Amino acid sequence: MSEQAVDMSVTARGSLRVGDVLGRSFSVFGRHFLLFVVITAVVTAPNLFFSMKFAGVAAAQQATPGTILPGFWSLMLESAVVGLALYALSQAMVLHGAFQDMLGRPVSLRESMNRVAARLVPLILTLICLYVVVVLGMILLIVPGIMVAIMAAVAFPVCLIENLGPIASFWRSVELTKGSRWKIFAAFMVPAMVGGGVNFALRKLAGIAVGPEWAVLVTFPLAAALTSFLSVLSVVIYHDLRVAKEGHYTDQIAAVFD
């Protein structure tokens, strides 16, 4: 799919369409399924250690309600720090590769790695900012947390592609998503509910069969596939919002690949 073809189709309809966004996301993801899932699985593999250990601690915690087991909070902090950094690295690489595909360019793993390495610190800081504001929204009520998450839905692609800092990326996302937030919510909810539901059921069954720690390993490939798809979806939404609101690509976007 060429940049020009995508531009014309989105400009013609003038707004985001959930079916088109999901369809194109599946197309991009399908063309590079193995690469994107392997990137996610390999880069985030160290998280398996924390996830399996945490699953065991959580199971033990349920057996002794009302008490906090030794090492619980340190494990939470370690897994959060490592997990956030690895997530930012893996999903930025997937996002960059998907955007290369949408521009009609060959997907270059080396180019994605170089680009992401140069932007890794701002990307991690952007994720931290997003988690903080979403958690604060959730503390107030669930609905405000969801609203903030949708408003910030394309902050990560903005940070990578437009070279903006964490705060500027958030406000840029707020600007781009304005007027399309219900559609963005629907676009994310479909794969999140289906994939998340299958993952939850599989983990429960695996937990009964092999225990909670090994159930994490069993469901890891599915989790990697869902995570990488959601990154592709975010950059497709970002693409369509830019084209619908601005009408065409700018030199700034194209310069990412120069």
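The values are calculated or read from the model by the stated rules, or taken from the named source; none is laboratory data. Just so it is clear, the structure is predicted and the values come from calculations on it, not from any experiment. Every residue, glycine as well, gets a Cβ built from its backbone with ideal geometry; the counts of neighbours run over all protein chains shown.
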Can you tell me which residues in segment 165-189 are in contact (Cβ under 8 Å) with a residue 40 or more places away in the chain, of a type in the set (A, V, I, L, M) and surrounded by fewer than 20 Cβ atoms within 10 Å (Cβ to Cβ)?
Ala186
Given the structure, is Ile161 under 17 Å from the mean Cα position of the chain (by Cα), at pLDDT 90 or above, closer than 17 Å to Leu241 by Cβ and crowded, with 18+ Cβ neighbours inside 10 Å?
yes
Of the residues that make up segment 72-89, is at least one modelled with pLDDT of 90 or more and out of contact with any Pro (no Cβ under 6 Å at 6 or more places or on another chain)?
yes
